[in-house]
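For reference, the structure discussed in these notes is given below.
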Amino acid sequence: MSKYYALNETTAIEYVKENLNYFSQDASLKSKEIGDGNLNLVFRIYDENSDKSLIIKQALPYARCVGEAMPLSIGRNEIEHRILEIQGEITPQYVPEIYHFNDDLGLTAMEDLSDHVILRSGLIELNKYPYFTEHITDFIVNTLIETSDLVLDHKEKKERVKNFINPELCEITEDLVFSEPFYDAERNEIEEKLRPYAKEILWNDKRLKLEASKLKFEFLTNAQALLHGDLHTGSIFVKENSTKVIDPEFAFYGPIGYDLGALIANFILNYIRVNEISEDEKRRDYLCYLENSIIEIFDKFKEKFIKAFKEKTVDVIAKVEGFDEHYLNNIIKDAVGTTGAEIVRRTVGLAHVKDIDSIEDNEKRLSAKIKALKLGKDLILYRETIKDSSALINTLKSIVI
Ligand code: SR1
Ligand code: MG
């Protein structure tokens with residue numbers, strides 16, 4: 001940590017000039033800090049004389065959204081560039097290219113994706129991405145199955161598990177997703193009018209706490225595959241024909257359903273927003289788009305997973321008839337439970353999402369949040385029975401519409 005210093009817009013340019021051979025000698029470099037995530041600094045460095053640019057992402061020794069009261073090791077940067085390397089070998093088309101890293105400074109230099117937009121912003125703007133579900137299901141299925149015991153030699157997989165022990169960032173998820181939203185925790189961010197609903201829907205329900213604890217212990221102990229670990233719509237860049245998954249610093253060996261569930265939850269949060277605020281015609285059209293996207297993510301994941309299982313599994317006994325279905329059913333159960341927990345935590349926990357919090361009308365925002373809590377709860381409680389996309393959509397519509 002002794003060599004560490006946090007960059008600013010000026011020193012970021014100096015760093016690039018001294019350490020990277022990316023720009024030409026006569027480049028006129030400018031720099032802008034563009035980070036709007038919860039943890040890190042992000043600088044865009046660009047040459048005014050050409051169209052060349054890159055991104056420097058630097059870990060701060062604390063969580064940016066909380067400040068120094070929440071210290072975090074800059075070692076998360078190493079996890080991030082290591083998993084980006086692995087994902088880049090499996091699905092290079094879906095991750096940014098890495099140019100350089102420096103673990104002393106906790107920084108990585110990578111491809112600038114400014115011609116893309118963050119998916120969450122695109123969804124809030126009611127934009128559509130026709131290839132997204134195809135791309136993201138390719139990414140999830142391939143990165144997860146290829147890092148699992150189904151495909152990897154078991155000793156090599158255990159080595160990977162060791163290399164991706166990520167206790168600090170896992171603790172954030174364990175606390176913020178699976179524990180604190182289910183009681184009146186100090187760090188919860190909850191608007192006053194929602195408090196009685198949170199009590200009734202979440203905190204007074206022992207059945208729900210039991211199911212949340214089962215999900216938490218699944219997350220803690222089921223080292224199935226190398227997860228992205230934070231696959232919400234703010235971790236994905238999109239443009240019409242391209243999808244890039246960024247920010248895998250929460251990576252670790254965990255249950256496959258966690259990545260799938262986090263993604264579906266964030267589409268549902270946007271669905272709840274659109275249902276609450278949009279004009280009639282626009283609303284119907286965009287709700288259809290979101291509904292189809294959720295169905296496609298769910299169905300394509302299942303279809304591609306079974307296909308990849310059949311084609312890629314090397315473990316002899318795992319090839320026995322019926323094990324693929326058994327394995328997939330457990331993933332889906334975890335995914336639906338995670339979807340519920342992610343929806344709940346983005347509504348009452350420490351880290352919210354713009355989809356819901358930026359609803360300006362107080363009554364509509366409260367209504368959206370109450371629906372989110374009810375839906376999240378049902379998805380957790382009834383996850384064993386929600387086995388296909390139509391059951392998921394029926395549950396969604398019965399509460400939200
Ligand atoms: C203190 S970190 C809060 C959240 O931001 C990250 O993106 C993760 O989702 C984490 O839970
Ligand atoms: Mg992130």
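The values are calculated or read from the model by the stated rules, or taken from the named source; none is laboratory data. Here the structure is a predicted model, which means the values were calculated and not measured. Please note: Cβ atoms are built from the backbone with ideal geometry, for glycine as well, and neighbour counts cover all protein chains shown.
Here are some notes:
- Residue check for Leu54: more than 16 Å from ligand 2 (Cβ to nearest atom), under 13 Å from Leu107 (Cβ atoms), of a type in the set (A, V, I, L, M) and assigned to a strand (DSSP E or B): yes
- Taken over the stretch 217-253, residues that are touching a helix residue (DSSP H, G or I) at 6+ places or on another chain (Cβ under 8 Å) and within 16 Å of ligand 1 (Cβ to nearest atom) amount to 20.
- Yes/no for Tyr5 being surrounded by 15 or more Cβ atoms within 10 Å (Cβ to Cβ) and more than 27 Å from the chain's Cα centre (by Cα): no
- Residue among Lys371, Lys377, Lys354 that alone is of a type in the set (Lys, Arg), at pLDDT 95 or above and either under 16 Å from the mean Cα position of the chain (by Cα) or within 16 Å of ligand 2 (Cβ to nearest atom) (or both): Lys354
- Inclusion of Asp36 among residues that are within 16 Å of ligand 2 (Cβ to nearest atom) and either without any contact (Cβ under 8 Å) to a residue 12 or more places away in the chain or more than 27 Å from the chain's Cα centre (by Cα) (or both) is warranted.
- Elements of type helices (runs of 4 or more DSSP H) in the stretch 61-177, at least 2 residues being away from ligand 1 (no atom under 16 Å from the Cβ): 76-90, 119-124, 132-145, 154-163
- Check on Ala265, part of a helix (DSSP H, G or I), within 16 Å of ligand 2 (Cβ to nearest atom) and not basic (Lys, Arg): yes
- The sole residue among Leu231, Leu194, Leu226, Leu215 that is part of a loop (DSSP other than H, G, I, E, B) and at pLDDT 95 or above is Leu231.
- Residues located in the stretch 307-336, provided they are surrounded by fewer than 19 Cβ atoms within 10 Å (Cβ to Cβ), without any contact (Cβ under 8 Å) to a residue 60 or more places away in the chain and farther than 20 Å from Ala391 by Cα: Lys307, Lys310, Glu311, Val316, Ile317, Lys319, Val320, Glu321, Gly322, Phe323
- Qualifying residues in the stretch 358-401 (those that are outside any helix (DSSP H, G or I) and not charged (D, E, K, R)) - the one surrounded by the most Cβ atoms within 10 Å (Cβ to Cβ): Ile386
- Check on Asp285, out of contact with any helix residue (DSSP H, G or I) (no Cβ under 6 Å at 6 or more places or on another chain), more than 28 Å from Ala212 (Cα to Cα) and part of a loop (DSSP other than H, G, I, E, B): no
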